[in-house]
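Written below as structure tokens is the structure these notes are about.
Throughout, read-outs are computed from the coordinates displayed, never taken from laboratory work. On a predicted model such as this, the values are computed, not experimentally measured, just so you know. Don't worry about glycine lacking a Cβ; one is built from the backbone with ideal geometry, like all the others, and counts go over all protein chains shown.
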Amino acid sequence: MRHADFLVEIGVEELPPKSLRSLMDTFAENMKLAVDDARLAHGDIHGYASPRRLAVIIEALAKTQEDRKVSHKGPPVSVAFDSDGKPQPAAKAFAKKCGVAVSKLERSKTNKGEWLSYDAIEKGSSADELIGGLVEKALAGLPIPRRMRWGAGEAEFVRPVHWIVLLHGKKVVKASVMGVTAGNKSRGHRFLSEGAIKISEPGNYLQTLDNEGHVIADFARRRELVVSGVAAAAKKAGGEIVDGESLYDEVTALVEWPVPVLGSFDPAFLALPRETVISTLSAHQRYFPIADKNGTLLPKFVTVANIKSREPAQVRNGNERVIRPRLADAAFFWDNDRRRSLESRQEALHEVVYQQGLGSLHDKSARIASLAQTIAGLLGVASDNVGRAAILCKCDLLTGMVGEFPELQGVMGRYYADTDGEPAAVAKAIGEHYRPRFAGDALPASIDGQILSVADKLDSLAGVFAIGKRPSGNRDPFGLRRAALGVIRILVECELDIDLNAMIDTAVNSQPPFSGSRTGKLEPGEVAAELTSFVADRLRRYFLDRDAGLATETFDAVLARSPSSLVDFDNRLRAVQAFLELDEAASLASANKRIANILRQADAGEAPAVKQKLLSDDAEQALFAAMRKSAETLRPLLEARRYTEALSALAGLRGPVDKFFDDVMVMTDDKAVRNNRLALLGELRALFLDVADISRLAIA
């Protein structure tokens with residue numbers, strides 16, 4: 001048999017649950033890349049993981065590499081042989097390197113001369129000889145921020161490695177990975193199994209661990225059991241799970257043998273803010289809250305144990321005992337925090353450093369307030385509420401509740417603002433200003449919340465860029481990519497029609513390195529340019545993800561016009577996408593490419609106005625007349641940003657444009673006529689550029 005299924009299992013101490021799925025997927029992908037690079041044919045690849053293991057099964061992995069032809073290039077013939085054709089040292093050395101006699105060497109002719117060459121067939125190595133190195137390579141590429149060492153060895157990994165399984169078919173691959181000699185012995189559940197578990201072949205891996213080790217190594221299957229199990233327990237309690245998606249992966253990564261457990265707590269704790277109860281249960285204990293069909297929380301929860309106990313009541317009681325003090329702490333903070341107003345905490349923000357070089361949280365709040373009020377003015381929105389919300393929005397960071405539950409910042413600010421009697425719009429804006437917190441999160445619903453969120457995120461972006469700590473590679477400790485995408489989503493989806501570039505300039509110029517003594521390495525204009533480019537990159541990804549089938553060239557056609565408003569950008573992009581559906585699109589895009597090339601090669605610069613008296617050819621006169629008519633039609637459409645209608649109107653120029661290029665020689669010897677025709681083409685190109693640079697479109 002020339003191929004067999006392959007299994008690698010890395011047995012470790014408990015892996016970080018929030019990273020487990022990513023580690024599993026990346027390990028499988030890295031193994032695919034490794035065997036592909038090694039020229040080992042294979043079938044489907046499957047990744048598996050549990051708290052104590054990462055595993056990959058590769059179906060039908062070849063037992064040897066494919067042979068390959070290797071071409072060797074030698075010295076020039078003129079150097080390899082003398083005038084009598086006798087081999088010189090260069091030829092002999094090349095033949096020795098290739099392992100053949102000089103007479104076996106071949107000659108290859110190129111436009112640079114004739115060279116000695118030799119084609120050899122490189123025999124493929126055994127897969128078993130390569131596998132150890134391939135696994136090491138795949139593990140080295142895992143997304144592990146900080147690796148650890150253990151014992152006396154030099155190996156580094158996310159957790160200490162205790163066993164390795166390497167099977168190619170039924171054969172154990174003799175190799176050492178992470179300093180551990182591979183075998184065919186795995187291990188089961190810490191408490192539900194004993195001793196090593198022999199894996200006879202890759203195809204039996206999942207079933208053997210399930211039957212003998214009480215381990216469900218298939219992450220997807222284990223997740224299904226978690227989801228169905230907690231749903232059934234919630235239904236038994238008369239409700240349904242609240243926001244389970246935020247926990248399913250993490251809980252799946254914590255257990256190898258999931259057993260749902262229904263628990264309860266004192267109904268008096270339901271007097272706490274809803275988010276506080278949910279955060280206490282979910283974020284701190286990984287319990288699933290339960291709500292009735294109206295969304296009202298019930299004094300019950302579901303947890304998932306990693307063991308099937310003979311005394312389930314004790315497991316339930318233990319989890320209930322754990323949650324009581326957590327909820328009691330939350331109740332204490334809730335009562336204690338409300339004894340002081342948010343406003344009374346404002347001065348204390350002076351004492352909290354926001355970021356070295358960017359002042360205190362009080363300074364940041366003042367910058368946010370100024371920027372938010374500017375944005376409100378541009379949108380014609382009263383600025384009193386958003387200004388007040390900006391001044392108070394960071395005050396809840398000094399409360400006991402947020403200190404204990406950081407994920408509730410903003411949320412608790414809204415509750416405390418309500419308690420303080422602040423206007424409802426102010427409280428709502430405070431509660432919304434961190435949104436969107438993550439990909440797919442809800443956007444602020446109120447206009448004040450939208451403005452405040454944009455101002456906060458722009459200040460963060462401008463500040464971190466100003467002190468030279470922009471993201472690099474995969475590192476983004478300040479979450480700037482998320483902040484930029486949040487600004488984009490709000491401006492586009494909430495249709496906030498403002499000049500983003502101007503707001504970036506304002507945010508940058510208000511930062512301490514620029515508003516006071518000069519300490520930054522870059523000038524404000526340079527920082528603003530870097531930040532604008534950074535946002536443009538996120539904008540590209542946003543639209544490419546949003547619009548299925550959107551070509552990069554289509555995005556670039558609009559970006560070339562640098563619309564200052566993202567609402568305007570979106571309108572132009574939709575118009576160009578509609579234009580691409582027209583029959584005239586290909587011809588006009590091609591004509592614009594041709595015009596752009598002609599003008600660039602002619603180095604026309606700023607062309608004078610077209611002189612009608614120099615238009616002697618019927619085709620150029622017809623084009624001139626059609627352009628004048630289109631310009632009159634376009635003016636009100638462009639002013640109203642009705643770009644789709646504008647491009648549809650320009651599509652009517654296809655006939656005159658095609659006729660012009662068929663009949664007219666632009667680069668004629670008569671300089672005056674040539675310049676006049678270049679000016680005509682310049683005006684034609686300008687008509688389209690009022691919407692987008694369609695010369696950039698990719699049309700077959």
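Under 22 Å of direct C-alpha separation, and excluding same-chain neighbours fewer than eight residues apart, LYS593 reaches these lysines: LYS659.
Per the Cα gyration tensor, region 68-122 maps to an equivalent ellipsoid with semi-axes of 18, 14, 7 Å, ordered largest to smallest. Extending 7 Å from the Cα toward the beta-carbon at both MET148 and THR532 defines two label points whose distance is 4.8 nm.
Checking the table LYS73/LYS137; LYS18/LYS198; LYS104/LYS171; LYS18/LYS235; LYS69/LYS112 against a 32 Å threshold on Cα-Cα, which pairs fail? Walk me through the numbers before you get to the answer.
Numbers: LYS73/LYS137 30 Å; LYS18/LYS198 29 Å; LYS104/LYS171 41 Å; LYS18/LYS235 27 Å; LYS69/LYS112 24 Å.
With Cα atoms farther than 32 Å apart: LYS104/LYS171.
Relative contact order for region 68-122: what percent, with Cα pairs under 8 Å and sequence separation of 6 or more?
Details: 82 pairs, mean separation 26.6, N = 55.
Relative contact order for region 68-122 comes out at 48 percent.
In a fully extended conformation the segment linking ARG482 and PHE332 would gain 50.6 nm over its present Cα-Cα distance, using 0.36 nm per residue.
Which FRET efficiency value, to the nearest 0.05, is calculated for ASP210 and VAL100 with the Förster distance at 45 angstrom and r the Cβ-Cβ distance? Present the calculation step by step, with values, prior to reporting the outcome.
Numbers: r = 56 Å, r/R0 = 1.26.
Efficiency for this residue pair is about 0.20.
For the peptides 541-550, 226-235, residues were scored by their other Cβ atoms within 10 Å and the scores averaged per peptide; the highest-first order is 226-235, 541-550.
Working from the pairwise distances between different alpha carbons, so that the mean of 1/r is found and then inverted, what is region 581-653's Kirkwood radius in Å? Please list the in-between numbers first.
Values: mean 1/r = 0.0711 Å⁻¹.
Its Kirkwood hydrodynamic radius stands at 14.1 Å.
Once the C-beta distance of ARG310 and ARG286 is scaled by a Förster radius of 22 Å, the resulting FRET efficiency is 0.40 to the nearest 0.05. Region 221-261 and region 559-591 have Cα centres separated by 47 Å.
Checking the a/c ratio against 1.5 first, then a/b against b/c, what shape does the Cα gyration tensor give for the chain? Show your work: numbers first, answer last.
Numbers: a/c = 2.25, a/b = 1.09, b/c = 2.05.
It is oblate, given that a/c is not under 1.5 and a/b is not larger than b/c.
Report the FRET efficiency, 1/(1 + (r/R0)^6), for ARG340 and LYS18, where r is their Cβ-Cβ distance and R0 is 35 Å, rounded to 0.05. So the FRET efficiency works out to roughly 0.50.
By its C-alpha gyration tensor, with a ≥ b ≥ c as the square roots of the eigenvalues, how is region 356-427 shaped: rounded for a/c under 1.5, else prolate for a/b larger than b/c, else oblate? Taking the square roots of the gyration eigenvalues as a ≥ b ≥ c, region 356-427 is oblate. The Cα-based radius of gyration and maximum Cα-Cα distance (Dmax) for region 568-696 are 14.4, 44 Å.
Our helix-only sum for the chain, with -39,500 (n - 2.57) per DSSP H run of n ≥ 4 divided by its residues, gives a mean residue ellipticity at 222 nm of -15000 deg cm²/dmol.
Using the Cα coordinates of region 219-336, the gyration tensor eigenvalues translate into equivalent-ellipsoid semi-axes of 23, 15, 13 Å, sorted from longest to shortest. On full extension, the segment bounded by ALA609 and SER200 gains 138.8 nm, given 0.36 nm per residue less the C-alpha separation.
Can you sort CYS98, CYS395 from fewest to most other Cβ atoms within 10 Å of each residue's own Cβ? Can you show the working numbers first?
On the way: CYS98 19, CYS395 28.
Lowest count first: CYS98, CYS395.
List SER630, SER648 from most exposed to least, where exposure is judged by having the fewest other Cβ atoms within 10 Å.
Ordered from fewest to most neighbouring Cβ atoms within 10 Å, SER630, SER648 come out as SER648, SER630.
Whole-percent P(r), region 491-629, all Cα pairs, 5 Å bins from 0: 2, 7, 12, 14, 13, 12, 13, 10, 7, 5, 2, 1, 0, 0.
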